Amino acid sequence: PLVMLTNARSCYNKADNLKKWLLEIFPDCAIISETWEGESRRQSLQDLLASTPFKVYSYRRPRGRSGGGCAVVYNESRFTVEKINVNTQEGIEIIWVIMTPKKLDHKLQRIKRICVCSVYIAPRSELKSETIGHIIQTIHYVRSIYDNQVRFLIAGDINRTDYTDVTDAYGALKQCVTVGTRKQATLEVILSDLT
């Protein structure tokens, strides 16, 4: 699948650009961090993208907290998508979905399901280790439910948080971002076992 990752630093002041980007590139899945979608906003990210063929599952920051947020935006014509309901500690900015290809094409013959995670860890977050622990626990939980017949795509802006415990816990995951994304630092990750 064609996957895109971006840190939007607000989808709301870039709505036209975001829609244009999605329609030109037409990814199967876009993982967006720093959506700035909060519960106090009148318009959801799904409302913002209503004129496009894309659907959204997102984490919205609670009232009184600005910035942050993350989302999985997907092409509804290619995948059936359902949210995974897992216990998440308050303050961890993460969303999990299972994407099932509607038609298995030759590129996806062996892939029955893809577990997609969008995550955002703020630079000053006090929940960095809790977020990493949550990711590890959820990977094991999902693998147990789907009898290991699932692939993973975990991506987002983690702001220099050490993710090696995740790759150590499930060795099939590889970091796909191999260049610095802010000066020399790699703030974004795409951890996947998709070949």
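By the Kirkwood approach, averaging reciprocal distances over each pair of separate Cα atoms, segment 96-163 gets a hydrodynamic radius of 13.3 Å. In angstrom, the C-alpha Rg and Dmax of segment 1-41 are 10.7, 34. Around the amide H of L187, modelled in the peptide plane, lie the amide H atoms of T181, R182, all under 5 Å away and 5 or more residues distant in sequence or on another chain.
With the simple spin-label model, which puts each label point 7 Å out from Cα in the Cβ direction, the T167 to E126 separation comes to 3.0 nm.
Per atom type, the chain shows carbon and sulfur on 44% of its accessible surface, probed at 1.4 Å.
Think of a 1.4 Å ball rolled over the protein heavy atoms: segment 1-141 then has 52 Å² of accessible area per residue. Beta-bridge orientation, segment 94-185: approximately 50 percent antiparallel, per DSSP, counting only bridges with both partners inside. Separation of segment 68-97 and segment 141-195, taken as the distance between their Cα centroids, equals 15 angstrom. Computed about the Cα centre, the dipole magnitude for segment 82-168 is approximately 620 debye when only Lys and Arg (+1) and Asp and Glu (-1) carry charge, each at its Cβ.
For the chain, give the share of DSSP beta bridges that are antiparallel, in percent and rounded to the nearest 5; count only bridges with both residues there. Before the final figure, lay out each step's value.
On the way: 31 of 44 bridges.
The antiparallel fraction comes to roughly 70 percent.
Can you tell me what percent of all Cα-Cα pairs in segment 18-103 are more than 20 Å apart? Before the final figure, lay out each step's value.
Values: 1278 of 3655 pairs.
Value for segment 18-103: 35 percent of Cα pairs lie more than 20 Å apart.
Short-range pairs are left out: with C-alpha atoms under 8 Å and at least six residues apart, the relative contact order of segment 115-184 is 44 percent.
Each other residue within a Cβ distance under 9 Å of G69 adds +1 if Lys or Arg and -1 if Asp or Glu, for a net charge of -1. Packing, as the average of other Cβ atoms within 10 Å across residues, places the peptides 129-136, 165-172 in the order 129-136, 165-172, highest first.
Any idea what the relative contact order of the chain is, in percent, if you count C-alpha pairs under 8 Å spaced at least 6 apart?
Details: 395 pairs, mean separation 31.4, N = 195.
Here the relative contact order equals 16 percent.
For segment 130-195, the Cα gyration tensor yields ellipsoid semi-axes of 23, 13, 8 Å (square root of five times each eigenvalue, largest first, whole Å). With all projection directions averaged, the alpha carbon convex hull of the chain covers 10.9 nm².
The values are calculated or read from the model by the stated rules, or taken from the named source; none is laboratory data. Computed from a prediction, not measured in an experiment: that's the story for all the values here. Backbone-built Cβ (ideal geometry, glycine too); neighbour counts: all protein chains shown. Side chains are part of the model used for accessible areas, which takes the heavy atoms of the whole protein and leaves out ligands, DNA and RNA. Shrake-Rupley method; radii C 1.70, N 1.55, O 1.52, S 1.80 Å.
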